[in-house]
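Below is one structure, written out as structure tokens, with a few remarks after it.
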Amino acid sequence: MKEGVEMSRNRLERRISVASGKELADTVIKNGKIIDVFNGEIIEGDIAVVDGYIAGVGQYEGKNVVDAKGRFVSPAFIDGHVHIESSLVTAAEFAKVLLIHGVTTVIADPHEIANVLGAAGIQYMLDSSENLPFDFYFMLPSCVPATKFENAGAQLFAGDLNPFYQHPRVLGLAEVMNFPAVLNGDEDMLAKISDAKKAGKKIDGHAAGLTAQDLNVYMAAGIRTDHESTTAREAKERLRKGMYLMIREGTVAKDLLQLISVVNERNSRRCLFVTDDKHLDDLLHDGSIDHNVRLAIAAGIPPVTAIQMATINAAECFGFDDKGAIAPGYKADFLFLDNLENVRISDVFKDGKAVVKNQKLMIEITSPVLQNEMSPITSTVRFHELTTNHFDIVLPSASANIIEIIPNSLVTKHVIEDVVIDHCGKFQPSTSADQLKLAVIERHQLTGNVGLGIVKGLGLKSGAIATTIAHDSHNLIVAGTNDQDMLAAANAIKEIQGGMVVVNHGKVVSSLELSIAGLMTDLPYQAVYSRLTDLNRALLELGASSLFNPFLTLSFLSLPVIPELKLTDKGLFQVSKFEHINIEPAADLSKR
């Protein structure tokens, strides 16, 4: 400990010496147009870097001089809320992709892996992100399971979370999505909130569908952020209550264009960008937070304001006093922009060192060697033998409650439609009506639960698709045009111990093995991208829509905290009533 204190003191002395011009900087950036996020201006000057920090902005000399060649110098971007698991790759591979897009810091919620593995999942994420040239911070999952209406792989109580607050990269309590538990004073939920506040930590919200009155409850509880606004009215309400508005642009939830009109010169500093859930192929095609910045600018937000939202706003939201700005005493995480219109990133610096040049990663990043036993992490798909009979939906009449997909949204519609039933009263999928069968198979506790429902809007003309990415409990979710292919898809997932599969005529057409908790793979991101490309090609052969991501959409059809109708392993779930309902409409119950 004493050695660490002395080292810190020596570095402080050196930083002051460089700042005063008495000592040469390690690196000096010259000829750059510096984005001043405090005043919203463009300034000029040399940037002096020492020991990974900016010592000063002004006139400096250094051992190494980097010529910015008139390019803009921006603070590196920060993602205020992301589930790394949704990228399908490990932290090391995730870092490789995000660095190219100018993101050097994320605040991650390991909610997904925690729902499968509990505290062991949180520890895995902390361990696998250690000592990487990227800053991974974490919020602790607040709702595992998300609700009592489904079976997850674990339960996390306040006592399970509390020890993690001692970890230097744990910032607080992640998205509190169980509003009824807060409203009704659930003992364990209040303990989680209280423990976070006692530890001086932050608390994130998840206010999907909540009214302005409901927001009072969250704010009174000390919850200060929300990323679930989908309309300008909702966004304004959150800002009015004093919340930080997290503007999300992910793979399924694309909310930025609906919310950005709310941002103005008076409230912009209370707004930040997040991706939440974004697939690897979208990260590679569109980018991460840089994509949010580009969209905001194209929608009319001044470029420097958009960059503030991607940098200093996020830093201040989470209490970082040394991130998000090009200023003395701040970490030397910055990037070169060729222009401010399309936010083209040429070079990225992490801790003062060039990690990306001309959009190419210049450093080697390898996953840490983990000492803990991996078998519990890679053997997580367990369910009893299934037959096609497990997928039977018997209805008293040709009418059903149906989950209707809204493309590129987490929200679904609850519709009642006529359906096809056979002579035994069993529902028959109809590709012409786009009414497919949906099943959620419990894969953690061997309960034998198979929740059944009907989904509209997926567009498959044949075959079935299945995945163990099924928010939030991550049971096995299957959708298909026939029971035989659904059964084949479920069994294929079990054989590879988690992942994504496309089945047609009883055969696996394409698959991606996700053996880490059924959520991630240790393959290089390039190999994962190749597999995803193959999966997308197979989906198109089955007739799936190309207007949205079918697998990611499927993965949210089991999320019982986002309106309106979802499916858990216990059955069809109506979010507005927070209760399970029958597939047959209420009007038909009297006919029994």
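The values are calculated or read from the model by the stated rules, or taken from the named source; none is laboratory data. These numbers were taken from a predicted model, which means no experiment stands behind them. A quick note on method: Cβ atoms are made from the backbone with ideal geometry, for glycine too, and the neighbour counts reach across all protein chains shown.
Take region 81-122 and flag every residue that is of a type in the set (D, E, K, R) and within 27 Å of Asn475 (Cβ to Cβ). If you could, list the steps in order and put the result at the bottom.
Filtering region 81-122 for residues of a type in the set (D, E, K, R) gives 85, 93, 96, 109, 112.
Hits for region 81-122 are Glu85, Glu93, Asp109, Glu112.
Return yes or no: is Tyr218 touching a strand residue (DSSP E or B) at 6+ places or on another chain (Cβ under 7 Å) and closer than 17 Å to Cys143 by Cα? Please lay out each step first, then the result.
Values: touching a strand residue (DSSP E or B) at 6+ places or on another chain (Cβ under 7 Å): yes; closer than 17 Å to Cys143 by Cα: yes.
Yes.
Can you list the strands (runs of 3 or more DSSP E) lying wholly within region 1-110 that have 3 or more residues being of a type outside the set (Phe, Trp, Tyr) and surrounded by 20 or more Cβ atoms within 10 Å (Cβ to Cβ)? Steps first, please.
Numbers: elements: 25-30, 33-36, 41-44, 46-50, 53-58, 62-67, 72-75, 77-82, 103-108.
Correct list: 25-30, 46-50, 53-58, 72-75, 77-82, 103-108.
Residues that are under 21 Å from the mean Cα position of the chain (by Cα) and surrounded by 15 or more Cβ atoms within 10 Å (Cβ to Cβ): list the helices (runs of 4 or more DSSP H) wholly contained in region 172-236 that include at least 1 such residues. Step through it out loud before you land on a result.
Values: elements: 179-183, 187-198, 212-220.
Fully inside region 172-236 and qualifying: 179-183.
Taking region 247-263, which residues are under 16 Å from Ile307 (Cα atoms) and either out of contact with any helix residue (DSSP H, G or I) (no Cβ under 8 Å at 6 or more places or on another chain) or part of a loop (DSSP other than H, G, I, E, B) (or both)?
Hit for region 247-263 is Val263, nothing else.
Kindly provide the set of residues from region 427-467 that are more than 20 Å from Asn536 (Cα to Cα), in a strand (DSSP E or B) and small (Gly, Ala, Ser), ordered by number.
Residues satisfying the conditions are Ser430, Ala439, Gly451, Gly453.
Glu249 fails exactly one of the following numbered conditions: (1) buried (at least 20 other Cβ atoms within 10 Å of the Cβ); (2) without any contact (Cβ under 8 Å) to a residue 40 or more places away in the chain; (3) not hydroxyl-bearing (Ser, Thr, Tyr). What is the number of that condition?
It is condition (2) that Glu249 fails.
Taking only region 479-520 into account, find how many residues are within 24 Å of Lys148 (Cα to Cα) and touching a Ser or Thr at 6+ places or on another chain (Cβ under 8 Å). Working first, answer last.
Step one: list which residues in region 479-520 are within 24 Å of Lys148 (Cα to Cα), which gives 479, 498, 517-519.
Now narrow it down to the ones that are touching a Ser or Thr at 6+ places or on another chain (Cβ under 8 Å): 498, 517-519.
Counting residues in region 479-520 that are within 24 Å of Lys148 (Cα to Cα) and touching a Ser or Thr at 6+ places or on another chain (Cβ under 8 Å) gives 4.
Taking region 461-513, which residues are closer than 28 Å to Leu117 by Cβ and of a type in the set (Asp, Glu)?
Asp472, Glu495, Glu513
For residues in region 384-426 being surrounded by 17 or more Cβ atoms within 10 Å (Cβ to Cβ), in a loop (DSSP other than H, G, I, E, B) and modelled with pLDDT of 95 or more, which is farthest from the chain's Cα centre (by Cα)?
Of everything passing the filter in region 384-426, Leu395 is farthest from the chain's Cα centre (by Cα).
Please go through region 159-170 and pick out each residue that is closer than 14 Å to Pro141 by Cβ and either of a type in the set (S, T, N, Q) or crowded, with 22+ Cβ neighbours inside 10 Å (or both).
Across region 159-170, the qualifying residues are Leu161, Asn162.
Give region 534-577 a look and list any residue that's β-branched (Val, Ile, Thr) and at pLDDT 95 or above, or say none.
We begin by selecting, within region 534-577, every residue β-branched (Val, Ile, Thr); these are 553, 561-562, 568, 575.
The one that is β-branched (Val, Ile, Thr) and at pLDDT 95 or above: Thr568.
Do you know which residues across region 498-542 are outside any strand (DSSP E or B), in contact with a Gly (Cβ under 6 Å, 6 or more places away or on another chain) and more than 16 Å from Val89 (Cβ to Cβ)?
Of everything in region 498-542, just one residue is outside any strand (DSSP E or B), in contact with a Gly (Cβ under 6 Å, 6 or more places away or on another chain) and more than 16 Å from Val89 (Cβ to Cβ), namely Leu542.
Given the residues Asn504, Asn482, Asn491, Asn475, which is the only one that is within 27 Å of Leu156 (Cβ to Cβ), modelled with pLDDT of 95 or more and of a type outside the set (Val, Ile, Thr)? Spell out how you get there, then give the answer.
On the way: Asn504 fails: within 27 Å of Leu156 (Cβ to Cβ); Asn482 fails: within 27 Å of Leu156 (Cβ to Cβ); Asn491 fails: within 27 Å of Leu156 (Cβ to Cβ).
Of Asn504, Asn482, Asn491, Asn475, the one residue that is within 27 Å of Leu156 (Cβ to Cβ), modelled with pLDDT of 95 or more and of a type outside the set (Val, Ile, Thr) is Asn475.
Which members of region 477-512 meet the condition of being more than 22 Å from Glu404 (Cβ to Cβ) and under 20 Å from the mean Cα position of the chain (by Cα)?
Gly498, Gly499, Met500, Leu512
Of Ser546, Ser558, which residue is hydroxyl-bearing (Ser, Thr, Tyr), over 21 Å from the mean Cα position of the chain (by Cα) and outside the structural domain of Val97 (by TED's automatic domain parsing)? I'd like the intermediate steps shown before the answer.
Details: Ser558 fails: over 21 Å from the mean Cα position of the chain (by Cα).
Ser546 is the lone residue from the list that is hydroxyl-bearing (Ser, Thr, Tyr), over 21 Å from the mean Cα position of the chain (by Cα) and outside the structural domain of Val97 (by TED's automatic domain parsing).
Just checking, does region 445-459 include any residue being closer than 19 Å to Pro585 by Cα and polar (S, T, N, Q)?
Just the residues of region 445-459 that are closer than 19 Å to Pro585 by Cα, to begin with: 451-456.
Restricting the remaining residues to those that are polar (S, T, N, Q) gives none.
Among the residues of region 445-459, not one is closer than 19 Å to Pro585 by Cα and polar (S, T, N, Q), which makes the answer no.
Which ones in region 16-43 are touching a residue at least 24 places away in the same chain (Cβ under 8 Å) and among the basic types (Lys, Arg)?
Within region 16-43, Lys30, Lys33 meet the criteria.
Could you run through region 275-290 and say how many residues are on the phi < 0 side of the Ramachandran plot, touching a residue at least 24 places away in the same chain (Cβ under 8 Å) and not in a helix (DSSP H, G or I)?
From region 275-290, those on the phi < 0 side of the Ramachandran plot are 275, 277-286, 288-290; that's our starting set.
Narrowing the set further to residues that are touching a residue at least 24 places away in the same chain (Cβ under 8 Å) leaves 275, 277-284, 288-290.
If we keep only those that are not in a helix (DSSP H, G or I) too, we end up with 275, 277-279, 288.
Number of matching residues: 5.
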